[in-house]
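Below is one structure, written out as structure tokens; comments come after it.
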Amino acid sequence: MNIGIIVYSKTGNTFEVASRLKGNLEQKGHSVVLDRVTIEGDVKPGDKDVRMLNIPGIEDFDKVIFGSPVQAFSLAVPMEAYLNNHITSLEGKEVSLFVTKQLPFSWTGGKRTLGQMEKICKNKGAKVKGKEVVFWYGKVREESISKCIKNLSNQF
């Protein structure tokens with residue numbers, strides 16, 4: 001299966017999870033491309049002017065996994081701009097989603113961010129298969145990453 005993993009990662013944490021997920025999926029025999037949404041400069045929550053430097057395409061993939069950090073209890077502005085403004089259709093695509101966040105509490109934006117991503121993807125015709133929150137907090141980090149990788153890998 002040809003799988004695309006598309007992530008926005010400001011600090012590298014989300015990219016680390018995506019890289020490990022890529023390796024796991026490749027071990028299962030899938031062809032996997034990992035690509036990053038990149039922007040010029042920095043944006044803050046609520047910013048509308050996002051200048052994209054890299055806009056990954058998804059046309060060549062059978063399935064797509066989108067990953068983003070949670071920022072200010074919501075979807076990171078660059079990933080929101082990418083999904084809303086640069087993906088015209090996800091019709092017929094199966095997608096999975098994951099987010100990374102610092103605080104280990106469910107009420108600090110993880111579920112909300114996944115909900116935002118899911119809504120955008122479904123509105124563009126996608127079938128959302130899996131959703132995971134990775135807590136980047138101390139002792140639970142490795143367990144959380146492993147759970148995400150296992151659950152998302154089992155979707156394919």
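The values are calculated or read from the model by the stated rules, or taken from the named source; none is laboratory data. The model shown is predicted, which means the values in this text are computed figures rather than measured ones. FYI the Cβ positions are ideal-geometry reconstructions off the backbone, even for glycines, and counts take in every protein chain you see.
Tabulated data
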{"quantity": "Those residues of segment 1-16 which are in contact with a Ser or Thr (Cβ under 6 Å, 6 or more places away or on another chain) and either part of a loop (DSSP other than H, G, I, E, B) or within 20 Å of E94 (Cα to Cα) (or both), in sequence order", "calculated": "N2, V7, Y8"}
{"quantity": "Contacts under 7 angstrom Cβ, first residue in segment 117-141 being within 17 Å of H86 (Cβ to Cβ) and modelled with pLDDT of 95 or more, partner crowded, with 17+ Cβ neighbours inside 10 Å and among the aromatic types (F, W, Y), 6 or more apart", "calculated": "M117/F66"}
{"quantity": "Inter-residue pairs, beta-carbon under 7 Å, first closer than 17 Å to G67 by Cα and in segment 29-57, second of a type in the set (D, E, K, R) and at pLDDT 85 or above, 6+ apart", "calculated": "V32/K22; V32/E26; L34/K22; I39/R51; N54/R36; P56/D35"}
{"quantity": "Tally of residues being within 20 Å of V133 (Cβ to Cβ) and either of a type outside the set (S, T, Y) or buried (at least 21 other Cβ atoms within 10 Å of the Cβ) (or both) across segment 71-100", "calculated": "18"}
{"quantity": "Qualifying residue in segment 17-28 (condition: assigned to a loop (DSSP other than H, G, I, E, B), out of contact with any Lys or Arg (no Cβ under 7 Å at 6 or more places or on another chain) and of a type in the set (K, R))", "calculated": "yes"}
{"quantity": "Residues located in segment 57-107, provided they are among the hydrophobic types (A, V, I, L, M, F, W, C) and assigned to a helix (DSSP H, G or I)", "calculated": "V77, M79, A81, L83, W107"}
{"quantity": "Matching residues, segment 35-49, being modelled with pLDDT of 85 or more and part of a loop (DSSP other than H, G, I, E, B)", "calculated": "V37, E40"}
{"quantity": "Candidate set from segment 94-116 (those that are of a type in the set (D, E, K, R) and in contact with a strand residue (DSSP E or B) (Cβ under 6 Å, 6 or more places away or on another chain)); member that is modelled with the highest pLDDT", "calculated": "E94"}
{"quantity": "Test set (1) more than 24 Å from E142 (Cα to Cα); (2) loosely packed, with under 14 Cβ neighbours inside 10 Å - Q27 fails condition number", "calculated": "(1)"}
{"quantity": "Check on V133, under 16 Å from L21 (Cβ atoms), in contact with a helix residue (DSSP H, G or I) (Cβ under 7 Å, 6 or more places away or on another chain) and surrounded by 14 or more Cβ atoms within 10 Å (Cβ to Cβ)", "calculated": "yes"}
